[in-house]
Structure formats: C-alpha cells, structure tokens
1. List, largest first, the extents of the alpha carbons of the range 51-101 along their principal axes, each in whole Å.
2. What does the charge count around T311 come to, taking other residues whose C-beta lies under 14 Å from its C-beta (Lys +1, Arg +1, Asp -1, Glu -1)?
3. Return the aspartates and glutamates within reach of K76: Cα separation strictly under 12 angstrom, same-chain partners fewer than 8 residues apart disregarded; answer none if there are no such residues.
4. As an exercise, identify the trypsin sites (Lys or Arg not before Pro) in the range 326-360 lying in DSSP coil whose Cβ has no more than 15 other Cβ atoms within 10 Å.
5. In whole Å and largest first, what semi-axes does the C-alpha gyration tensor of the chain yield when each eigenvalue is scaled by 5 and square-rooted?
6. What do you get for the angle between helix 201-216 and the principal long axis of the chain? Use alpha-carbon atoms, 0 to 90 degrees, nearest ten.
7. Rounded if a/c is under 1.5, else prolate if a/b beats b/c, else oblate: with a ≥ b ≥ c from the C-alpha gyration tensor eigenvalues square-rooted, which is the range 217-271?
8. Just report the Cα centroid separation between the range 44-63 and the range 226-247, whole Å.
Amino acid sequence: MEFRVTKNPSPVAAAERDALIENPTFGTHFTDHQVVIIWEEDKGWHSAEVLPYGPIMMDPSSAVLHYGQEIFEGIKAYRHQDGSIWTFRPTANAERLQRSAQRMALPQLPTDVFVESLRQLIAVDGPWVPKPENEKTLYFRPFEIAAENFLGVRAAKRAEYRVIASPVGPYFTGGLKPVPIWIALDSARAGKHGTGEAKTGGNYAASLLAQAEGYEHGCSQVLFLDAESGTYIEELGGMNLFFVFKDGSVLTPPLDGTILRGITRDSIVTLLKDRGLNISERKVTLAEIRDAASRGELAEVFACGTAAVVTPVGLLKSRVEEIKISDEPGELTASIRAELTGIQYGLVEDRHGWMHKLAD
Ligand SMILES: Cc1ncc(COP(=O)(O)O)c(C=O)c1O
C-alpha cells in the first residue's frame, strides 16, 4: 500500500518539541503528523495517507459516536543508544487489532499495513522519539473507528484507521514503588462471550466508575473480578497481573475470553519459562491470594502492560479488606522489568526476535 505524505506546514518548533520530549507527561502532547487509512465495504482499504496532526471532521451521525464501534492499540517506539528507532512485537499488536476488529464487526487491517503505518509516522516524526533515558518513549495509539453517517444499529460500511503518537515518560511517577490496587466489588469490566478480550473503548468506559472509586481510596488502578461469580481475579483496568509465591512458582490468570491478551504478559510468560520457572496460567480466586498472603506464602505481585511496563503491587484493598503484599518491589518483579526494558532499549540480547527497526 502506497502512503501519500503531506507534511505539516507548521510543525512544533524544534526547541519546543525538544523541551516536551525531555519531560513528557502521559498522552498530553502529540507529534506533528497522523496516519489515516480509509476502509469502505465495496473498496476495501484505500487512501493511505500521512497528514498533519489535527482534529477529525465528523458528522454528528457518525456511527462511532452512537454505538461505540471502535478499537485501539498501544505500542511504543524506543530510541537505542546509536540513535536508531525500534518497536516491540508490532505483529502481535497487529494481530490483536485484527481480533478486536473481528469481535467488534470492524474491518481487519493487514499486519504489513499496520507495521508500515508505524514506520511511515516515524519517517516524518522520528525526532519526537525521546532519548533512551528514564523510560522515555514515543507511544503510538493506532485506532479504528466506524465512520459511516448512519443511525441504524449494524456494522458500519465505512471505517477509518488512524495512528497518532505522544511522547511519554514513566506511567507511574513514583519510580519502582509498589502501588495500591482497588478491588472493584460492585462493577464488572467484562462478561462471558462479551468484549473483554477486545481492546475496545467500551471496556474502558465500563471501568471508569470503579476507577474513580479507586482514586477516592488512594488507588490509581482497579482490579476486576469475574462478572459471573465475583470470585476469580481477572485483570486491572489497563494491565495484566502476576502472582509470585515463596516456593518460586508464578501464576497469572488465563486467557479465557474476558481479559486482554497482553503482549507484555505474553512476553513475561516467555521470559519466565526461559528462566526455567514454574509459571502457570490458570484461574485464581481472590480467596486463594488472601490465604496465601495471610500464610506468608505470597512473595510478590506485579502488574504489566505496555504503558507501565512492570509495576509492583504493594496492597490489594476493597471496601471490606486489605491484603498487604510488600512496601518494596520484589526481586523477580525488578529483574523481569530490567530484562524486558533491556531488550526494548537494545541493551539485552533479543533472543526471540521481538524488536523491529523503524528507522536508522
Ligand atoms: C485491559 C488491559 N489489560 C492488559 C493490558 C496490557 O496489554 P499490553 O501488554 O499488550 O500493553 C492493557 C494495555 O494495553 C489493557 O488495557
């Protein structure tokens, strides 16, 4: 697919951009360009373009505004010490976007077009990728929306895929300090045969009420339990969870349709297996974790995702209890984080061929 490139006639001045990428905040400033590709039922994907960053002109009847038919991805660009720019497992994100599209009745963007869309954006906005220090990266937000002007409830016959990008620093600003997590007891994020596995806006909208409750109790992330029984641990609003036991075993909830197939989760499972650790992907109840913690068998809990990488969890709390884990980041948490970020920044050998070069 050929991309037509229209350069932004008034990009952010170099000095202002450099100041922004020196001290980035999460998702507040965007680069000078965006990628746009159109899909129409009778034409397929067409009109791939790199355009100046700017607002989307949209008819008020546009389908996405009414029925939430939209999906998205989150993936980062890392600058290596030699100045080259890389991304991490882009085909995994492309495939997840396709699965999300399938679930949300949107068209599936081919993997090579997804990867090329990131390369095209970096070709014009490469200087926006920060220096490799203090976890600074350029965060891509690829997304797809139903863009047909029509109020009927059916899959749209026109869609748009776009990529925007924002320079980001660490997601949690307190360093590698264990975070407290709020357990949502009164709301669920996803149900059986629902859209929990799709990366679609509605799942996040559904999590915001519990998130606000979490903030009131000093927690910046929320843990969701299964919708059916309210007993099994699923995931956080924006991260997957791992439990490490004193006997060296590691546990993470399985991919059974209600949780997001985290690419960080998958990578960590692989790295733990490489280390010969006993890692199981199985259903786990909150009661099992509570009991393990009270018997002193729970060593570490960490959350993981593209945005926050690997974050230690210090406390699980709800309106009825507090499960204390640790005030310090655990050993495995810290070492798996170091290994993963080391691979991403080109400092640790990439044994699995996860890194993909976007620019020299
Ligand atoms: C609900 C949810 N779970 C898990 C993750 C972690 O996924 P990944 O590691 O692919 O970023 C994310 C972030 O994308 C998420 O939004």
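1. Over the range 51-101, Cα extents along the principal axes are 48, 29, 12 Å.
2. On the way: positive: K177, R265, R337; negative: E135, E235, E300, E328.
So the environment of T311 carries a net charge of -1.
3. Reachable aspartates and glutamates: E135.
4. On the way: sites: R337, R351, K357; in loops: R351.
In loop regions of the range 326-360 (DSSP not H, G, I, E or B), the sparsely surrounded trypsin sites (Lys or Arg not before Pro) are R351.
5. Values: eigenvalues 233, 129, 66 Å².
Over the Cα atoms of the chain, the semi-axes work out to 34, 25, 18 Å.
6. Orientation of helix 201-216: about 50 degrees from the principal axis.
7. Details: a/c = 1.44, a/b = 1.33, b/c = 1.08.
Rounded is the answer for the range 217-271, as its axis ratio a/c remains below 1.5.
8. 38
The values are calculated or read from the model by the stated rules, or taken from the named source; none is laboratory data. Computed from a predicted model, the values in this text were never measured in an experiment. Note that we place each Cβ from the backbone using ideal geometry, even for glycine, and neighbour counts take in every protein chain shown. To get the accessible areas, we keep the full protein, side chains included, count just its heavy atoms, and leave off ligands, DNA and RNA. Shrake-Rupley method; radii C 1.70, N 1.55, O 1.52, S 1.80 Å.
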